[in-house]
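The values are calculated or read from the model by the stated rules, or taken from the named source; none is laboratory data. Computed from a predicted structure; not experimentally measured. We place every Cβ from the backbone using ideal geometry, glycine too, and count neighbours over all the protein chains shown. For accessibility, only protein heavy atoms count, side chains too; no ligands or nucleic acids. Shrake-Rupley method; radii C 1.70, N 1.55, O 1.52, S 1.80 Å.
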Amino acid sequence: MQFYLLILLLGITRRGWGALCCIAVGSLVAGQLNGGMGYYGFIEHLWQFAIGGIIAWLPARRLLAPWLSSLLYCLATASIVACSILFQGNYATPSLWALIPCLSAAILLLIPDAPANNLLAILSPAGRISYSLYLWHWPVIVWATYFFERQITGLSMALCIAATIGISIISYLFIERRISVLLLLAINAVAAALLFSTSLLSL
């Protein structure tokens, strides 16, 4: 947790971009050499946070012609959609294939003023609740798996998605919009400490 915060601060203060690049490369190499814990690994995910820090460090400038930025925006969006459809379990971190959606997302963040961005305005409501969707989708799916006592697919998965969207909307309206960022960070820190303490007691 402290290391993630360090990466975030390096990006926000626009200092240490060289360190962020080293962290990204080192994380990728280490993930390929030792395999680690895969999706749940600490080292294997550092490069993703480092890319976010590097993006935060880069100054906001318009360097591309509108048509070129729109082309890159569309290609990056198509890449993310293709990954969501075509990627399977063996493409997940620490696989280098994970670079494709992450770098595509980085491109979208780097050219927010691309004219093609207006075409995706219809997705802005989903963007507002995206953090809540991220937080709630996994607990809902895990609970449904225990409840139905089988792998969630088809109609049951559709119900999970609908439930996740409903819970996320409520969470956004009554928690995210009413709590400051500092308080959210404090709550996350306390929750992480409690989970860590519980894991130690269970050993």
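Key figures
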item: Residues that are open to solvent by 70 Å² or more (accessible area, probe 1.4 Å) and either modelled with pLDDT under 90 or touching a helix residue (DSSP H, G or I) at 6+ places or on another chain (Cβ under 7 Å) (or both), drawn from the stretch 90-103; result: Asn90, Leu96, Trp97
item: Among (1) over 30 Å from Leu119 (Cα atoms); (2) modelled with pLDDT under 80 - the single one Trp57 does not satisfy; result: (1)
item: The stretch 66-88, residues that are assigned to a helix (DSSP H, G or I) and open to solvent by 70 Å² or more (accessible area, probe 1.4 Å); result: Pro66, Trp67, Leu71, Leu75, Val81, Ser84, Ile85, Leu86
item: Only one of Pro139, Pro125 that is closer than 30 Å to Leu64 by Cα and out of contact with any strand residue (DSSP E or B) (no Cβ under 6 Å at 6 or more places or on another chain); result: Pro125
item: Selected residue [modelled with pLDDT under 85, over 20 Å from Thr164 (Cβ atoms), open to solvent by 90 Å² or more (accessible area, probe 1.4 Å) and part of a helix (DSSP H, G or I)] from Leu63, Leu109; result: Leu109
item: Residues satisfying the stated conditions in the stretch 142-164, i.e. crowded, with 16+ Cβ neighbours inside 10 Å, modelled with pLDDT of 85 or more and aliphatic (A, V, I, L, M); result: Ala144, Ala163
item: Some residue of the stretch 31-51 being of a type outside the set (Gly, Ala, Ser), under 15 Å from Ile107 (Cβ atoms) and at pLDDT 75 or above; result: yes
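Yes/no matrix, rows are residues, columns are (1) over 18 Å from the mean Cα position of the chain (by Cα); (2) assigned to a helix (DSSP H, G or I); (3) of a type in the set (S, T, N, Q):
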| residue | (1), (2), (3) |
| --- | --- |
| Pro94 | no, no, no |
| Cys102 | no, yes, no |
| Ala105 | no, yes, no |
| Asn118 | yes, yes, yes |
| Ile122 | yes, yes, no |
| Leu133 | no, yes, no |
| Trp136 | no, yes, no |
